[in-house]
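Report on one structure; see the data block that follows.
The values are calculated or read from the model by the stated rules, or taken from the named source; none is laboratory data. The structure displayed is predicted, hence computed values, not measured ones. Glycine also receives a Cβ, built like all others from the backbone with ideal geometry; neighbour counts cover every protein chain displayed. Only protein heavy atoms, including side chains, enter the accessible area calculation; ligands, DNA and RNA are left aside. Shrake-Rupley method; radii C 1.70, N 1.55, O 1.52, S 1.80 Å.
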Amino acid sequence: MHYAITVLVALALVTAPLPARAADDSKVKAATNQVETGAKKIGAGKVGEGVDETAKGVGKTVEEGAKYTGEKLKEAGKAAEPDAKSTGQSIRDGAVSFGHSVKNFFTRLFGG
């Protein structure tokens with residue numbers, strides 16, 4: 001019974017933080033399925049086999065989930081890149097404009 005509770009907690013922890021599905025998450029799904037298969041083996045009385053498979057599945061789920069999340073972050077960074085460049089360009093343009101305004105102010109003030 002203790003193993004079944006451990007497996008259920010592991011399943012809850014593994015499946016809850018999965019990232020949103022959009023890219024190729026098939027390896028994450030496969031690892032999650034391995035956890036479920038291990039849990040079923042424990043329920044069927046094959047405790048040693050089930051715990052082993054569940055533990056391996058949890059490890060693979062964490063590993064593949066981290067890789068998948070890294071890929072998604074890269075995609076997000078690439079998607080935000082044009083906005084970041086245009087924001088930087090806007091700041092530069094604003095600074096140049098301010099510099100011209102200051103120059104014109106002092107030129108007019110001192111009759112240059």
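Quick notes
- Residue match in the range 58-77 (condition: open to solvent by 60 Å² or more (accessible area, probe 1.4 Å), within 26 Å of the chain's Cα centre (by Cα), at pLDDT below 80 and among the small types (Gly, Ala, Ser)): no
- Residues in the range 60-83 that are small (Gly, Ala, Ser) and under 10 Å from VAL28 (Cβ atoms): 2 in all.
- Residue match in the range 85-96 (condition: within 30 Å of ALA31 (Cβ to Cβ) and either assigned to a helix (DSSP H, G or I) or under 20 Å from the mean Cα position of the chain (by Cα) (or both)): no
- Within the range 82-102, the set of residues being surrounded by 10 or more Cβ atoms within 10 Å (Cβ to Cβ), modelled with pLDDT under 75 and among the charged types (D, E, K, R) comprises LYS85 only.
- Out of GLU49, GLU36, one residue alone is in a helix (DSSP H, G or I), of a type outside the set (Ser, Thr, Tyr) and open to solvent by less than 80 Å² (accessible area, probe 1.4 Å). It is GLU36.
- Identity of the residue in the range 10-52, closer than 26 Å to GLY70 by Cβ and among the acidic types (Asp, Glu), that ends up modelled with the lowest pLDDT: ASP24
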